[in-house]
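The values are calculated or read from the model by the stated rules, or taken from the named source; none is laboratory data. It should be emphasised that the depicted structure is a prediction, and the values quoted were computed from it without experimental measurement. Neighbour counts are summed over all protein chains in view; Cβ atoms, including those assigned to glycine, are modelled from backbone coordinates with ideal geometry. Please note that ligands, DNA and RNA were not included when accessible areas were found on the heavy atoms of the full protein model with its side chains. Shrake-Rupley method; radii C 1.70, N 1.55, O 1.52, S 1.80 Å.
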Amino acid sequence: QVQPVESGGGLVQAGGSLRLSCVAPVWSFRINDMGWYHQAPGKQRVLVASISSSGIANYEESVKGRFTISRDNAKNTVYLQMNSLKPEDTGVYYCRVGRSDLWGQGTQVIVSS
């Protein structure tokens, strides 16, 4: 594995939930922060949630209280539980290892009204 791999995106109605998963390279996961980024069509990619190697989480204000990031070090996997989804959450979600150039290819989320 040379880059993270995301899964779990899909089409959901407003108010629904999705859980995204990201499997990171085994040689990078445990010692790095992990982040989930959101990119709406035509807009800049924005960090929405991050979690440190020790499990400390941070969230963008727009998702705080709705999204939860977690990590399973034994599986080299970071999750993003997305609840109370809104149409503005639509876009591609990317997983990133730390502040490196190790990005996943993204998983698409579409929230319909």
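What the table below lists for this structure:
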quantity	calculated
Filter result (more than 20 Å from Asn83 (Cβ to Cβ), in contact (Cβ under 8 Å) with a residue 24 or more places away in the chain and open to solvent by 20 Å² or more (accessible area, probe 1.4 Å)) within region 8-40	Val23, Val26, Arg30, Asn32, Asp33, Gln39
Elements of type strands (runs of 3 or more DSSP E) in region 45-91, at least 3 residues being in contact (Cβ under 8 Å) with a residue 12 or more places away in the chain and in contact with a Phe, Trp or Tyr (Cβ under 6 Å, 6 or more places away or on another chain)	46-51
Any chance Ser70 is polar (S, T, N, Q), within 23 Å of Gln3 (Cβ to Cβ) and surrounded by 18 or more Cβ atoms within 10 Å (Cβ to Cβ)	no
In region 12-38, residue nearest to Ser100 (Cα to Cα) [restricted to those that are among the hydrophobic types (A, V, I, L, M, F, W, C) and touching a Gly at 6+ places or on another chain (Cβ under 8 Å)]	Met34
First in region 100-113 and on the phi > 0 side of the Ramachandran plot, second anywhere and hydroxyl-bearing (Ser, Thr, Tyr), Cβ under 7 Å, 6 or more apart	Gly106/Tyr93; Gly106/Tyr94
Condition met for Val109 (open to solvent by less than 40 Å² (accessible area, probe 1.4 Å) and in a loop (DSSP other than H, G, I, E, B))	no
